[in-house]
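Heads up: the structure comes next, in structure tokens.
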Amino acid sequence: LERPCLVPEVAGAELSVPLVNGGTIGYANLDHAASAPCLQRVRTAVDEFLPWYASVHRGAGFASQVSTKVYERTREVLRRFTGARSTDTVIFTRNTTDSFNLLAKCLPRETSVVLFDTEHHAALLPWRGPRVHRVEPPRTRLAAVSAVDSALAACAPGPRLVVLTGASNVTGELLPVAEIAAVARKHGARIALDAAQLAPHRPFSLRELDVDYVALSGHKLYAPFGAGALVGRADWLRAGQPYLAGGGATKAVQRHHGTELGVVWNSGPERHEAGSPNTVGVYALGVACEALSENWDAIREHEDALLRRLHRGLSSVPGFAELRLFDADVDRVGTLSFVIDGFEPGWLAAVLSAEYGIGVRDGAFCAHIATRRLIRFAGGAGQQAVRVSLGLGSTEEHVDRLLLALRQIVARGARWEYGKVDGRWAP
Ligand code: PMP
């Protein structure tokens, strides 16, 4: 009997890609952590919505009313998806990067920020000034919690914010969010969760974790590019300078004497959403969140089974060394990075693509400090690694093809000659 399809289907299962030998092969997308393929359900919903989209909040026409309803209703979807409190605000952004830059702009003066230096650059870089404390994470979860405790204890008086990823985009390991949130509370600090890599794989709740803010990206959540969200406590966001200045963010604008303008800014989420919003993207994000929420058990079972298969197979590839944040095995999503002794990651990734139709990521994954350090821990010497990331578009055949490919490449190298074109390896 064929197994019933338990997990939501993604678009792209039918895609074929060219091989260097002139043939084609079904695309094995093992790069879900960068951007996940669109769910079929999202694709259908977007297709139905496209003829209807119109200006949000501004038009009296029926299509504008529909768009406004869809847009505002999606705030409620995001509220449910993130387990937000009734007083939390949902601001639509472009992605996680945008969400953290917005939050950074709204921090009260003299806020101390504590974070691990292994964070993705989107979470590492938006905070500036002498009150930013970037801590090297110790190699156990328990010690990581203590390290945040100590860093917060050493902060100057005033507001404090801890920024933490839910799941590492380099290793897939889950961080001890609830434990660190409890420590943050003890010090009167707030905590902002980077859920870019957690949200596509695990349900979570701001309320249950006792977390103040969460940032996420639609394109990692099986929706197309261009829509993300920042969800969390309203007060700092209401008091902060508008993220963008423009239409929709204001209640009233008038000329004062001289050259000054008198502007009354909105205090709700629109304060930070100036300009015509990405209604289609926001709708797609909401549909994806609903689809995931209805299928967590099946998603978990699918991804865990593939990850076990991948892991078992990789450990027998000669020279394979995996990057790990923590010494011991911890709960993780289906993302892992590795180096193979004697093989340049960029070259490996190029061969996997050109000869096997497999898409992986190589490099330092916008987490340069983490990647470099973890390569060293793994016994490697370089600055770059290969990352494989599983998701709803991944199959056993994709995993088996990767394992076979790596064994063949390690045993006999590539079948074709490769050279660098514009800094990247290519046949
Ligand atoms: N945080 C993490 C953990 C990520 O993996 C990423 C994307 N690689 C981001 C933040 C940034 O997401 P985006 O590029 O969608 O802003």
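Values in this text are rule-based calculations from the coordinates and carry no lab data. The structure displayed is predicted, hence computed values, not measured ones. Note: ideal-geometry Cβ built from the backbone for every residue, glycine included; neighbour counts use all protein chains shown.
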Report, in degrees rounded to the nearest 10, the 0 to 90 angle that the Cα long axis of helix 177-186 makes with the longest principal axis of the chain.
40 degrees
Mind checking which lysines have their Cα closer than 30 Å to the Cα of LYS105? Skip sequence neighbours fewer than 8 apart in that chain.
LYS69, LYS186, LYS220, LYS251
Separation between the ARG134 and GLU322 pseudo-spin-labels, each 7 Å from Cα along Cα→Cβ, expressed in nm?
2.8 nm
Please sort by residue number the GluC sites (Glu not before Pro) in the range 211-285 whose DSSP state is loop and whose Cβ has at most 16 other Cβ atoms within 10 Å.
GLU260
Mind checking the full-extension length gain between LEU125 and TRP296? Use 0.36 nm per residue of separation minus the Cα-Cα distance, one decimal, nm.
58.4 nm
Counting only trypsin sites (Lys or Arg not before Pro) that are in a DSSP loop and have at most 16 other C-beta atoms within 10 Å, tell me the longest site-free stretch of the chain.
140-414
If you take every residue apart from GLY363 with its C-beta less than 14 Å away from the C-beta of GLY363, what net charge results, scoring Lys and Arg +1 and Asp and Glu -1?
+1
Would you calculate the separation in nanometres between label points at GLU208 and ALA381, each defined as 7 Å from the Cα along the Cα-to-beta-carbon direction?
4.7 nm
Relative contact order for the chain: what percent, with Cα pairs under 8 Å and sequence separation of 6 or more?
22 percent
Using the C-alpha atoms of the range 178-218, what convex hull volume per residue, in cubic angstrom, is computed?
63 Å³
With a point put 7 Å past each Cα toward its Cβ, work out how far SER16 is from GLN254 in nm, to one decimal.
6.7 nm
Exposed-loop cut sites defined as chymotrypsin sites (Phe, Trp or Tyr not before Pro) in DSSP loop states with at most 16 other Cβ within 10 angstrom; longest site-free run of the chain spans 1-224
Efficiency of FRET between ARG85 and ALA426 - r from beta-carbon atoms, R0 56 angstrom, step 0.05
0.65
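Determine the calculated [θ] at 222 nm for the chain from helices alone, applying -39500 (n - 2.57) to every DSSP H run no shorter than 4 residues and normalising by the residue count; nearest 500 deg cm²/dmol.
-11000 deg cm²/dmol
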With a bin width of 20 angstrom, please list the P(r) values of the chain as percents of all Cα-Cα pairs, from the 0 bin to the one holding the largest distance.
25, 53, 20, 1
Sorted by Cβ neighbour density within 10 Å, fewest at the top, the residues THR97, THR259:
THR259, THR97
Translational diffusion coefficient (Stokes-Einstein; Kirkwood radius from C-alpha pairs) of the range 42-293 at 10 °C, 1.306 mPa s, in µm²/s
84 µm²/s
At the level of C-alpha centres, the distance separating the range 397-421 and the range 27-76, in angstrom, is 39 Å
Please give the FRET efficiency for ALA143 paired with ASP117, using the beta carbon to beta carbon distance and R0 = 25 Å, rounded to the nearest 0.05.
0.95
Extension gain ASP235-GLU9, at 0.36 nm per residue separation less the Cα-Cα distance, in nm?
77.4 nm
The range 278-342: GluC sites (Glu not before Pro) in DSSP coil with no more than 14 other Cβ atoms inside 10 Å:
GLU294
R0 = 25 Å: FRET efficiency of GLN40 with ASP331, Cβ-based, nearest 0.05?
0.30
Using 0.36 nm per residue, how much length does the chain from SER267 to ARG415 gain when fully extended, once their Cα-Cα distance is taken away?
47.2 nm
